[in-house]
Amino acid sequence: MEIKIPKGTQDILPVDIQKWYYIEEVIRKTLNRYGYHEIRTPMFEHTELFVRGIGESTDIVNKEMFTFPDRKGRSLTLRPEGTASVMRAYLENRMQRSSKVMKLFYFGPMFRCEKPQAGRFRQFNQFGIELIGSPSPLADVEIIAAALEIYKTLGLKKLQVLINSVGCKKCREDYIIKLKSFLTSKKDELCADCKNRVEKNPMRVLDCKNIKCQRIIKEAPKINDNLCNECNEHFEKVKGYLNDLKIRYKIDETLVRGLDYYTKTAFEIISGELGAQNAIAGGGRYDDLIEELGGKATPGVGFAAGIERTIISMDKQNVKWPGVDSLEVFAIVMDEKNSSLAFQLLQKIRKAGFSADMDFVGKSIKSQMRAANKYNAKYTVILGEEELSRKCVILRNMGTKEQKEVNMEYLIDELS
Ligand code: HAM
């Protein structure tokens, strides 16, 4: 029986890979301009990192992690997100010693055992950035501006920025008492998950997508009405700087995000093209995370974006992808006995810096020509018996259909 791909995963086929190259190139170029440096962390980490980093009562940690024991019984987890790993690497490699502010970006696959649906996968790719070491509201704004600039360069339109402040430990203490008391009074109307959340982590209720819960959430006390002076001032500055840059945003008082590490600013960028899974990117500030993971208290802010969701949105908006690079030279052999000679010539062409290929199944000349057309080859080099006897080949321009005989020695000069 044929073995099929696991649920919630996908192959990226050669016909689509140019899209990925293009997006990765735009991300790298844009973020280099913003002073960010790429970091690559392992695909799996000790489970404890995500439990402590993301939060024990989050859906990600509770229900969605791919966790397995190694051969010695230690618990490992495929990374469900990048921030906790980047913070671990920041601490482990003592990166704070080299610079007070560290600006990092990453991309790669993340793993969450969610119910697959349009735009939601079990293995998906994110790109993300983390700005570590700055408490300034300008840092929050830079993160949002960088995300928007990447999308603008990619040609994505009609994105909406939703922002909120989720406060800090100090202001949350009083707020949680108020929220708990409100939710307890409505407990009977909440979904089964939220009934549990009221005690364990009531702010998680605000993130529930259940329609009945959403109705209750609308009436619940809002965190932004309960911010301490410092958080309030920070939020006002973030909004002011966004205004200065003419970045449009909407305040969403119920936005709390699905990870526990956020403090102060939380934001999402949504795309109307995505249906139910409309968040194309999400992020915010996490001023307690590094301390939570055993480091010295260090502020941080960042975001991550789904690459699959970016591609889906671009395709739905009919954004033009850059053209697929065509092959420069395709070698055609009239007689199979000259295949080795053709291959030597091919290697010479490739070494000279041209993309070049030939047929490897000994097809007829007609089908070799068809293959050259399929690859969209700019030139064909035809090795015919008669020309070879004069140490020559035929060089054919596939666009103009012009062709001429060229001595093999001068072929590279001719192509150049
Ligand atoms: P997140 O909101 O969990 O945040 O994920 C960020 C983005 O990843 C989402 O907006 C979405 O585009 C994409 N994504 C998440 N889950 C899936 C899925 N199952 N299938 C497809 N795409 C998905 C984080 O991961 C934080 N680490 C972001 C961050 C960085 N906050 C601060 N720094």
Out of (1) in a strand (DSSP E or B); (2) over 21 Å from Glu233 (Cβ atoms); (3) among the hydrophobic types (A, V, I, L, M, F, W, C), the odd one out for Ala147 is which?
(1)
Kindly indicate whether any position in segment 46-58 is in contact (Cβ under 8 Å) with a residue 60 or more places away in the chain, open to solvent by 30 Å² or more (accessible area, probe 1.4 Å) and part of a helix (DSSP H, G or I).
yes
When segment 214-253 is checked residue by residue, the ones that are assigned to a helix (DSSP H, G or I), over 30 Å from the mean Cα position of the chain (by Cα), of a type outside the set (A, V, I, L, M, F, W, C) and within 24 Å of Asp188 (Cα to Cα) are Arg215, Lys218, Glu219
Matching residues in segment 283-304 - criterion: being open to solvent by 10 Å² or more (accessible area, probe 1.4 Å) and near the ligand (Cβ under 6 Å from one of its atoms)
Ala304
So which residues in segment 282-315 are touching a residue at least 60 places away in the same chain (Cβ under 8 Å) and in a helix (DSSP H, G or I), if there are any at all?
Leu289, Ile290, Glu292, Ile307, Glu308, Arg309, Thr310, Ile311, Ile312, Ser313, Met314
State whether the residues of segment 22-44 include one that is of a type in the set (A, V, I, L, M) and part of a strand (DSSP E or B).
no
Per the filter on segment 67-93, residues more than 16 Å from the ligand (Cβ to nearest atom), over 11 Å from Leu49 (Cα atoms) and not polar (S, T, N, Q) are Phe68, Pro69, Asp70, Arg71, Lys72, Gly73, Arg74, Glu92
Counting only residues that are touching a Leu at 6+ places or on another chain (Cβ under 9 Å) and part of a helix (DSSP H, G or I), how many does segment 321-338 have?
1
Can you name the condition, by its number, that Arg309 falls short on among (1) within 11 Å of the ligand (Cβ to nearest atom); (2) touching an Asp or Glu at 6+ places or on another chain (Cβ under 6 Å)?
(2)
Which of the residues that make up segment 171-193 are open to solvent by 80 Å² or more (accessible area, probe 1.4 Å) and touching a helix residue (DSSP H, G or I) at 6+ places or on another chain (Cβ under 8 Å)?
Asp174, Lys178, Glu189
Against the conditions (1) open to solvent by 60 Å² or more (accessible area, probe 1.4 Å); (2) in a helix (DSSP H, G or I); (3) closer than 30 Å to Ala145 by Cα; (4) not acidic (Asp, Glu), where does Asn318 fall short? Just the number, please.
(2)
Residue ID - nearest to Trp20 (Cα to Cα), chosen from residues in segment 94-124 that are assigned to a strand (DSSP E or B), within 8 Å of the ligand (Cβ to nearest atom) and not basic (Lys, Arg)
Phe124
Checked segment 125-155 for anything in contact with a helix residue (DSSP H, G or I) (Cβ under 6 Å, 6 or more places away or on another chain) and either under 11 Å from Thr310 (Cβ atoms) or hydroxyl-bearing (Ser, Thr, Tyr) (or both); matches are Asn125, Phe127, Ile150, Thr153, Leu154
Determine if segment 372-381 includes at least one residue that is in contact with a strand residue (DSSP E or B) (Cβ under 7 Å, 6 or more places away or on another chain) and more than 17 Å from Ile349 (Cα to Cα).
no
Considering each residue of segment 355-411, count those that are in a strand (DSSP E or B), buried (at least 17 other Cβ atoms within 10 Å of the Cβ) and touching an Asp or Glu at 6+ places or on another chain (Cβ under 7 Å), and give that number.
7
What residue, among those in segment 261-280 that are more than 10 Å from the ligand (Cβ to nearest atom) and in a loop (DSSP other than H, G, I, E, B), is least open to solvent (accessible area, probe 1.4 Å)?
Gly275
Among the listed residues Pro80, Pro69, which satisfies the condition of being assigned by TED's automatic domain parsing to the domain that holds Ile307 and within 27 Å of Val141 (Cα to Cα)?
Pro80
Only one of Glu48, Glu64 is at pLDDT 95 or above, more than 16 Å from the ligand (Cβ to nearest atom) and of a type outside the set (A, V, I, L, M). Can you tell me which?
Glu48
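Rundown of residues vs (1) free of Cβ contacts under 8 Å to residues at least 40 places away in the same chain; (2) open to solvent by less than 20 Å² (accessible area, probe 1.4 Å), yes/no style:
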{"residue": "Leu148", "(1), (2)": "no, no"}
{"residue": "Val161", "(1), (2)": "no, yes"}
{"residue": "Glu199", "(1), (2)": "yes, no"}
{"residue": "Lys218", "(1), (2)": "yes, no"}
{"residue": "Ile223", "(1), (2)": "no, yes"}
{"residue": "Leu242", "(1), (2)": "no, yes"}
Within segment 61-82, the count of residues that are open to solvent by less than 10 Å² (accessible area, probe 1.4 Å) and part of a helix (DSSP H, G or I) comes to 0
For residues that are more than 7 Å from the ligand (Cβ to nearest atom) and open to solvent by less than 20 Å² (accessible area, probe 1.4 Å), tally how many sit in segment 249-260.
2
Based on what the data block shows, is Asn164 within 16 Å of the ligand (Cβ to nearest atom) and modelled with pLDDT of 90 or more?
yes
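The values are calculated or read from the model by the stated rules, or taken from the named source; none is laboratory data. What you are looking at is a predicted structure, and each value in this text was computed from that prediction instead of being measured. Backbone-built Cβ (ideal geometry, glycine too); neighbour counts: all protein chains shown. Each accessible area value is taken on the protein alone, full model and side chains, heavy atoms only, with ligands, DNA and RNA left out. Shrake-Rupley method; radii C 1.70, N 1.55, O 1.52, S 1.80 Å.
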